[in-house]
Amino acid sequence: MPQPHKGPRLWPQPAHKGKDGSRRAPVSVIRDGNVKRSTGIRVTNGRKAPKQAEQALADYIAQKHQPSRERGSDAASVPIADVINIYLEDCAPRQARPQEVAQRATALLEFWGDKRLSDVSGRSCRAYADMRGPVGRRELEDLRAAINHHRREGFCREVVDVVLPERGPARQRWLTRSEVARAIRAAWRYREIQKGHATGRLSRRHIARFILVAVYTGSRAMTVCGAALQPTPKTGWIDLDAGVFYRRAYGVRETKKRRPPVRLPDRLLAHMRRWKRLGQAYVVEWNGKPVATGVEKAFARVCADAGLGDVTPHTLRHTAATWLMQRGTDAWEASDYLGMTMETLERVYAHHHPDYQRQAANNIVRKPRGQFVDRLSRNEQRQSEANITNVVGFSRQVI
């Protein structure tokens, strides 16, 4: 019995010899039945396809199958693959990180690609979330957005709800000043190992700069890694004269991940001016080129060397918010500095503030004032006398 067709997918083709005898590097290949098409994207991790390869697969799927845009269809006749493809064509290009949208869409299609809108239920959504683990909720959010867009365009006349799993607990991990210093020291002093011996190449100093900027500005990793030290199109930049970090590039629309300008501390500004004098064009550079968002692996190795567990690049943002609260910063000013809503700041970090519930804690053990006690006693006495008079009068009427 022939095996069922798995649909378009990425396959990490290992290194091999070509027909001319030359050695070919491992690349990501799109496999679709008998079709095998190279993306030209080199494989660096066999377990995880590069984002560019995920984008190539999404483009291949969109070109292979033109989704139906017939209006007023019922849920049982609409393939979910059409819904996702329409979302990729209409909405993904306008988002801040379209490559990540394409990557999540590829994961969704592996499960939902042969299903229809009528198959979306609480049971199927829970099965997907169990299969995908922690990333399942975020991918289901994309599926919900795709279905809502499909319905708003009038292609489906029925309302289909995506059931999301509960959010995981918020991360509470933050770093002390000594822990941050250990991480910076580990990154700055690290020497690259080749053939079991340390060389003179200091290959992790860009991570030290990343940690310094991320923890002093509370900015997200993508914002820090993409920032330039002079006005640059389509990226955030730092005004070294005014000391302001423009986290959102000119002309780029604002998203839910707010990126307002932030004033730089004098100590950090002095470092950045020195980096600029040394010829650096971006805040975080590797071999003279900006690092987009690829600091996760090197950052994890630095934290391992520094003996820090359960730490990710986003932990530095938690650290900045915690430090601001611990030092009694005004909540409105802290939320604007971090680009964070007041609701999130109060819900996650308010308990670090030195004045958190201070008045309530003091008042709960404070004795009432003497005049208030006397006044309360007199009022209670008058009320008691009035109650007695009422009872006596009532008794006389009854008797």
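Since every read-out is calculated from the coordinates, none of them should be taken as a lab result. Since the structure is predicted, the reported quantities are computational estimates derived from the model, not experimental observations. Positions of Cβ are backbone-derived with ideal geometry, glycine not excepted, and every protein chain shown enters the neighbour counts.
Odds and ends about this structure:
- Subset of K17/K51; K17/K115; K17/K195; K257/K297; K234/K297 violating a 30 Å alpha-carbon distance limit: K17/K115
- The spread of Cα positions in the range 39-193, taken along each principal axis and listed from longest to shortest, comes to 63, 39, 27 Å.
- Computed over neighbours whose Cβ is under 10 Å from that of H16, the net charge equals +3, Lys and Arg +1, Asp and Glu -1.
- For the range 65-168, the Cβ-based charge dipole about the Cα centre amounts to some 240 debye (Lys, Arg positive; Asp, Glu negative; other atoms uncharged).
- Kirkwood estimate for the chain, i.e. one over the average of 1/r between Cα atoms, Å: 26.1 Å
- Counting Lys and Arg as +1 and Asp and Glu as -1 over every other residue whose Cβ lies under 11 Å from the Cβ of R201, the net charge comes to +2.
- Debye equation applied to the C-alpha atoms of the range 240-325, log10 I(q)/I(0) at 0.11, 0.21, 0.23, 0.26 Å⁻¹: -0.42, -1.43, -1.42, -1.32
- Alpha-carbon Debye profile of the range 121-266, log10 I(q)/I(0) at 0.11, 0.13, 0.15, 0.17 Å⁻¹: -0.73, -0.90, -1.00, -1.05
- Values of log10 I(q)/I(0), in the order q = 0.09, 0.12, 0.18, 0.19 Å⁻¹, for the range 177-352 under a Debye, Cα-only, solvent-free model: -0.32, -0.56, -1.23, -1.35
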